[in-house]
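Below is one structure, written out as structure tokens; the observations come after it.
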Amino acid sequence: MTDGEHRGRLRLYLGAAPGVGKTYAMLGEGHRRAARGTDVIAALVETHGRPLVEEQLEGLAQVPPRTIDGFDGFDEVDVEAVLARRPDVVLVDDLAHTNAPGSPRPKRWQDVAALLDAGIDVISTVNIEQLESLADVVESITGMPQRDAVPDHVVREAEQIELVDMTPEALRRRMAHGNIYPAEQVDAALSHYFRVGNLAALRELALLWLADRVDEGLERYRHDHDIESTWAARERVVVALTGGPESDLLLRRGARIASRGAGGELHAVYVAARHRTAAPGPDELARLRVLTEELGGTHHTVISDDPAEGVLDLARSLNATQIVLGVSRRPRWRSLFGAGVSERVIAGSDDIDVLVVTHPFARRGVVVPGRGGLLGTRRLLLGWILAVLGPALLSTALVPTRDLPTLALEAMSYLALTVTCALVGGLWPAVTAAVLGFLLLNWFFTPPQGTLTVADAIDVLALAMFLLVAVAVASVVDKAARRSVQAGLARQEADTLTMLNRTLLQSDKDVVALLGLVQETFAVDTAALLRRTGDTWQLAGAVGDDPPLRPDEADTSADVSPTLVLALRGNPLPPHERRVLAAFATHLAVVLEREELARRAEAARRLEEGNRVRTALLAAVSHDLRTPLAGVKAAVSSLRSPDVRWSPEDEAELLETIEESADRLHTIVANLLDLSRLQADAVRPATHEVGLDDVVSRTIAEMPQARAVELRLPDDLPPVLADAGLLDRIVANLVDNAVRHSPSDRPVVVSLSHVGDRVQLHVVDHGPGVPDSEKEQMFEAFQRLGDTRSREGLGLGLAVAKGLTEALGGLLIPENTPGGGLTMVVDLPTVPAAKDEKLSEAGRP
């Protein structure tokens with residue numbers, strides 16, 4: 001992209017399945033823009049012979065596609081010609097297409113990226129099954145792997161993604177009316193890929209994926225425009241947990257609310273407050289996390305000095321629509337000394353709905369966390385109230401006793417008040433109560449009364465002893481109270497650390513996901529993992545904006561290992577939270593070590609697999625190779641024996657034995673060589689146009705088992721793009737396997753069919769068959785399942801056939817034969833399908 005140019009904009013039409021009308025919609029948009037005066041050209045449009053699409057293409061300017069030398073009929077986007085033409089908008093069909101060998105770029109999405117970099121807008125199409133992250137999901141739905149894929153980030157970067165939607169029933173009607181494929185291909189397509197269940201699942205996948213992208217766009221918009229108010233685009237329910245016995249009830253109520261609307265989300269939050277003196281144990285918190293996940297929700301642990309603020313901050317960050325709280329377990333009289341958590345959440349919720357749920361444990365008492373100092377604001381405030389008002393009220397009550405001859409009753413009463421102030425509010429309220437008590441004792445109860453002078457020296461000594469004892473007792477009581485609170489905090493912190501460590505160690509989060517959990521837990525802007533290499537630092541992973549590039553640029557950091565540092569920016573952490581951060585750092589080290597161990601385990605597995613193959617190969621050489629060699633040796637020795645005169649029939653039989661043994665030996669050696677090439681990834685097909693019917697008939701004619709095979713070949717079969725030599729090996733292995741497993745009175749049926757832009761080879765036997773649970777296992781090397789009548793063979797035929805088929809870009813699919821037996825289906829693209837590289841658009845059977 002040259003200086004001053006802006007990158008082009010990408011618009012995508014997303015479909016759940018082939019035939020929903022993506023290309024038609026793309027062309028319609030092209031016509032609309034052209035009518036507004038925009039310079040629009042069609043660089044490559046896949047019509048697949050559909051009349052409606054061809055009619056829609058008429059009237060649009062086109063740039064001729066590029067033809068690759070040696071691949072006649074393979075049309076690709078001529079990027080250079082488009083750049084020379086420099087239109088405003090380019091129409092490029094099938095973003096996930098794989099270009100023909102010899103093209104400047106291997107993938108069509110890379111062609112599109114080149115056009116976008118040049119400042120040209122592009123409109124394209126893609127199927128949901130072609131997204132790289134969904135390949136496994138789509139394969140589990142359709143039973144067929146996706147050959148072509150486009151990276152998710154390419155699709156996510158599109159400025160606009162429009163879903164072209166159609167119900168499964170409507171799509172099947174389009175297919176039945178011949179609007180997608182010719183009439184002779186409709187039945188096969190409807191009974192395979194275009195089944196209602198497949199289409200419904202793919203449609204749901206497309207809708208959910210697009211909904212998530214829309215949600216991401218909404219969050220970006222809210223962030224860019226500093227919008228903090230809740231936009232209730234979908235129901236997001238945050239359940240505030242205390243860890244008390246009512247937590248299960250609240251979680252289930254929140255799950256029911258979230259499930260009422262499509263796309264609802266359940267989030268549970270536990271706030272680990274610094275001053276919480278009554279906290280649930282780690283086992284209970286771990287149980288609540290498991291219950292949240294079982295209900296389909298996400299569990300969050302947030303550290304905050306104020307539980308109400310912690311809940312509200314998380315709710316706002318999630319764009320929550322509702323907060324579910326339980327009725328407070330505090331006694332009602334405690335509300336006189338300040339609002340509880342639920343009241344403060346309601347007061348600060350703004351436009352977030354708050355649902356307060358009653359439960360059997362309401363108002364039964366709970367220790368309320370404080371927010372100021374070690375003892376808490378409420379205790380400190382109550383202590384000062386007692387220290388100021390208590391002596392005055394006590395003096396009023398004791399005035400009738402001032403005629404007593406001693407100060408014992410009054411002094412002990414003021415001392416008891418001082419101890420009470422120390423227990424409630426700490427040292428300084430107690431000292432204040434002691435001083436006020438000393439002054440009031442002097443004023444009201446020592447002669448001369450009503451003055452601060454003392455007439456009797458004994459009374460002076462008594463007052464001094466009172467003040468000294470009161471302050472000493474207050475100091476001891478205050479220290480004991482604070483130690484008790486510190487012990488509670490230490491236990492709560494230990495429980496929090498234990499809970500976090502247990503949760504993290506049992507999770508399967510990767511490094512980036514764990515950094516996101518750190519960011520959420522400590523409410524920081526950025527969490528980054530920095531790796532030191534020599535004197536320089538490299539960013540090994542980060543979440544959030546503007547990550548620190550060195551530890552000294554972070555607000556808080558923790559060592560993960562001698563070369564790794566966890567760095568946070570945006571909210572300096574107090575010392576007690578740094579200890580929790582150290583737990584995260586420890587777990588990061590465990591995750592990194594686990595990943596390294598996984599890599600080593602994979603390397604060890606490959607070595608073990610190689611050893612197993614070598615062991616099996618030695619066993620094969622000692623038995624399976626020896627058997628045909630022994631047959632050849634015995635037959636040759638018999639023919640050369642001078643003591644026996646063989647009849648012509650006997651000689652012919654011995655020669656036939658030699659030939660059969662040599663064929664068996666050739667098959668075994670060929671399979672071993674093919675397997676070694678596949679394992680070394682050394683199979684390089686020499687592809688060209690091949691008539692599959694010619695290969696099949698020639699291969700079977702040369703096999704000794706040809707008499708046991710019935711061929712059914714159509715007359716109008718299109719060619720496939722394949723390697724004839726590899727096809728020969730595939731056919732030979734499948735037919736040999738079928739003949740060995742099929743009864744002698746039932747021939748093996750080999751047939752070819754043309755379905756859409758695919759050609760299929762069916763090898764049908766009527767043997768015992770293979771259970772569904774063992775169909776994957778039978779493709780492993782050196783596997784001989786229990787359906788064989790003998791122990792001959794290495795168990796390599798199907799493994800080699802599958803590997804060679806996939807090397808050709810095809811599929812090998814095992815199916816049950818009606819009436820019993822096994823049918824092996826080889827699915828290959830025709831030459832037009834290989835040219836188009838649209839496995840999905842080709843109408844997979």
message = Just to be sure I understand, how many residues within the stretch 145-175 are among the hydrophobic types (A, V, I, L, M, F, W, C), touching a residue at least 40 places away in the same chain (Cβ under 8 Å), more than 17 Å from LEU10 (Cβ to Cβ) and part of a helix (DSSP H, G or I)?
response = 2
message = Looking only at the stretch 519-552, how many residues end up being open to solvent by 40 Å² or more (accessible area, probe 1.4 Å), of a type in the set (Val, Ile, Thr) and closer than 18 Å to ALA589 by Cβ?
response = 1
task = Looking for whichever is buried (at least 24 other Cβ atoms within 10 Å of the Cβ), in a helix (DSSP H, G or I) and either touching a residue at least 12 places away in the same chain (Cβ under 8 Å) or of a type in the set (D, E, K, R) (or both) here; the options are VAL112, VAL126, VAL90. Which one fits?
result = VAL112
inquiry  = Within the stretch 171-196, take every residue that is at pLDDT 80 or above and over 12 Å from ALA17 (Cα atoms) and give me the one that is surrounded by the fewest Cβ atoms within 10 Å (Cβ to Cβ).
reply    = ARG173
task = Within the stretch 641-667, track down each residue that is open to solvent by less than 50 Å² (accessible area, probe 1.4 Å), more than 60 Å from the chain's Cα centre (by Cα) and touching a residue at least 12 places away in the same chain (Cβ under 8 Å).
result = LEU654
Residue selected from the stretch 369-418 under the condition closer than 30 Å to VAL341 by Cα, at pLDDT below 80 and assigned to a helix (DSSP H, G or I), by the criterion least open to solvent (accessible area, probe 1.4 Å) = GLY383
request  = Just need a number here: residues in the stretch 553-578 that are outside any loop (DSSP other than H, G, I, E, B) and open to solvent by less than 30 Å² (accessible area, probe 1.4 Å).
outcome  = 9
query = Being at pLDDT 80 or above and touching a helix residue (DSSP H, G or I) at 6+ places or on another chain (Cβ under 9 Å), is that true of even one residue in the stretch 499-514?
reply = no
task = For the stretch 129-145, enumerate the residues that are surrounded by 19 or more Cβ atoms within 10 Å (Cβ to Cβ) and in contact with an Asp or Glu (Cβ under 7 Å, 6 or more places away or on another chain).
result = GLN130, LEU131, VAL138
inquiry  = Condition first: more than 26 Å from PRO151 (Cβ to Cβ) and assigned to a loop (DSSP other than H, G, I, E, B). Can you find one or more residues in the stretch 79-86 that meet it?
reply    = yes
task = Could you check, for the stretch 6-19, whether at least one of its residues is over 14 Å from SER124 (Cα atoms) and surrounded by fewer than 20 Cβ atoms within 10 Å (Cβ to Cβ)?
result = yes
Every residue from the stretch 208-261 that is of a type in the set (Val, Ile, Thr) and either at pLDDT 80 or above or surrounded by 15 or more Cβ atoms within 10 Å (Cβ to Cβ) (or both) = THR230, VAL237, VAL238, VAL239, THR242, ILE257
Failed item, numbered, when ARG32 is tested on (1) touching a Phe, Trp or Tyr at 6+ places or on another chain (Cβ under 7 Å); (2) at pLDDT 90 or above; (3) open to solvent by 50 Å² or more (accessible area, probe 1.4 Å) = (1)
task = Those residues that are under 19 Å from HIS688 (Cα atoms) and part of a loop (DSSP other than H, G, I, E, B), I need them from the stretch 717-758; list them, please.
result = LEU717, PRO718, PRO719, ASP723, ASP757
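The values are calculated or read from the model by the stated rules, or taken from the named source; none is laboratory data. None of the values given here were measured: they were computed from a predicted structure. As a convention, Cβ positions derive from the backbone with ideal geometry for all residues, glycine included, and neighbour counts pool all protein chains shown. Note: accessible area is taken over every heavy atom of the protein model, side chains too, but ligands, DNA and RNA are not part of it. Shrake-Rupley method; radii C 1.70, N 1.55, O 1.52, S 1.80 Å.
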